[in-house]
Amino acid sequence: MYDQVIDKDNPNSALKVSKGVENPVSVNQNYLKNAKKRQELSVDDYVDGILSGNRTILARAITLVESNLYKHQNMAQQVIERCLSKSGNSVRLGITGVPGAGKSSVIEVLGKMLTAQGHKVAVLAIDPSSERSGGSILGDKTRMELLSSDPNAFIRPSPSAGSLGGVARKTREIIILCEAAGFDVVIVETVGVGQSEVLAHSMVDFFLLLQLANAGDELQGIKRGIMEMADAIAINKSEGKEKERSELAASNYRNALHLFPPTESGWNPKVFTCSAYSKEGIDTIWNTVMEYVEMTKKTGYFYQNRNTQNIRILSESINQSLRDHFYQSDVAKEKLELAKDDILDNKISAYIIAQRLIDEYFESLKNNK
């Protein structure tokens with residue numbers, strides 16, 4: 001009886017099921033084709049693109065440098081080696097400061113001023129990575145909206161990826177690529193985490209510390225380590241009612257710097273006020289940088305410092321390569337977790353276990369010869 005009433009094949013039946021539309025694929029196939037093409041760049045393509053100032057290829061080369069894949073690292077090192085002779089012709093400026101000091105704002109105003117003068121400016125903005133997720137916001141490019149749209153500027157936010165000093169591990173190599181691409185001013189904005197900023201100091205020519213008038217650190221000179229590294233201290237947000245307090249803070253910082261021993265470069269660190277909002281004092285930053293560069297080039301310290309940095313890179317690269325090789329070895333993969341269990345159970349000292357694993361690692365290298 002019901003079969004006679006319910007006729008699913010009847011086109012006028014309310015129970016007739018229309019043929020559905022197939023779900024579209026989740027990824028645009030044209031994008032996949034183009035992405036595949038983008039991955040086929042050779043070392044020659046990368047080098048030619050960088051040397052011709054192609055910002056798209058420069059960005060892709062930086063991504064290659066930042067990759068942890070072995071094949072990418074191998075290709076990246078070839079690109080860097082071929083770009084090395086075209087690098088070194090920029091002024092490398094490191095900018096750090098407490099969170100909220102206005103680093104991004106100062107860099108944007110300074111960068112726009114420099115591009116207006118005919119400079120090409122690369123900004124490497126290092127973003128802190130989460131210890132939990134390992135992710136980063138990478139929001140500096142959005143905060144430098146005007147500079148990011150400037151044809152003579154290039155902004156590259158990079159995750160610190162747990163690197164000590166708030167500077168991405170690959171930043172030095174990225175500087176080489178940016179210089180080879182024709183950028184004559186490279187600004188490295190660091191996370192601003194205190195004394196560990198020594199790593200940032202080891203890769204730039206001039207180190208600028210941004211401070212606030214109300215930071216509460218004027219008399220003790222915040223962290224002594226970072227104060228000793230600073231080539232200049234700028235009290236930012238010195239406008240309106242804060243101007244008088246900023247001048248007082250600058251005076252206190254000058255007094256604090258007199259207590260420090262002479263710098264290796266022979267340069268006397270400058271202290272001044274500035275405001276990214278009103279743009280006052282921004283030209284003082286660049287004039288101070290150029291005064292420093294001119295003086296240190298005459299004395300030879302500028303080139304001596306660059307050579308010292310290169311030797312330091314050699315030592316750090318060896319240490320990092322040995323570290324990576326050890327953790328990728330069979331000894332580490334097979335015995336490291338067991339060793340951790342013994343340490344947690346208080347069966348043996350962590351120092352003894354570490355030495356045993358290292359001895360076994362070198363023994364395995366001998367046996368594999």
Quiz prompt | Yes/no for Lys347 being among the basic types (Lys, Arg) and part of a helix (DSSP H, G or I) | solution = no
Quiz item: How many residues, within region 60-116, are at positive phi and part of a loop (DSSP other than H, G, I, E, B)?
Solution: 3
Quiz item: Does region 266-282 hold any residues that are assigned to a loop (DSSP other than H, G, I, E, B) and under 17 Å from Leu209 (Cβ atoms), and which are they?
Solution: Trp267, Asn268, Pro269, Cys274, Ser275, Ala276, Gly281
Quiz item: Restricting attention to region 313-325, does a residue exist that is over 30 Å from Ser85 (Cα atoms), of a type outside the set (Val, Ile, Thr) and under 33 Å from the mean Cα position of the chain (by Cα)?
Solution: no
Quiz prompt | strands (runs of 3 or more DSSP E) contained in region 150-265 and holding at least 3 residues closer than 30 Å to Gln304 by Cβ and either β-branched (Val, Ile, Thr) or at pLDDT below 85 (or both) | solution = 185-189
Exercise. Being modelled with pLDDT of 90 or more and in the same structural domain as Ser238 (by TED's automatic domain parsing) narrows it down to one of Leu93, Leu64, Leu51, Leu58, so name that one.
Key: Leu93
Exercise. Would you please name the residue that is surrounded by the fewest Cβ atoms within 10 Å (Cβ to Cβ), looking only at residues in region 268-289 that are in contact (Cβ under 8 Å) with a residue 24 or more places away in the chain and more than 17 Å from Ser246 (Cα to Cα)?
Key: Asp283
Practice problem: Please tell me if Ala116 is surrounded by 15 or more Cβ atoms within 10 Å (Cβ to Cβ), closer than 30 Å to Ala213 by Cα and modelled with pLDDT of 95 or more. | Solution: no
Self-check item: Every residue from region 296-338 that is touching a residue at least 60 places away in the same chain (Cβ under 8 Å) and either under 16 Å from Ala200 (Cα atoms) or not in a helix (DSSP H, G or I) (or both)
Solution: Asn305, Arg306, Gln309, Arg312, Ile313
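The values are calculated or read from the model by the stated rules, or taken from the named source; none is laboratory data. Since the structure is predicted, the reported quantities are computational estimates derived from the model, not experimental observations. In this analysis, Cβ positions are derived from the backbone assuming ideal geometry, glycine residues included, and neighbour counts consider all displayed protein chains.
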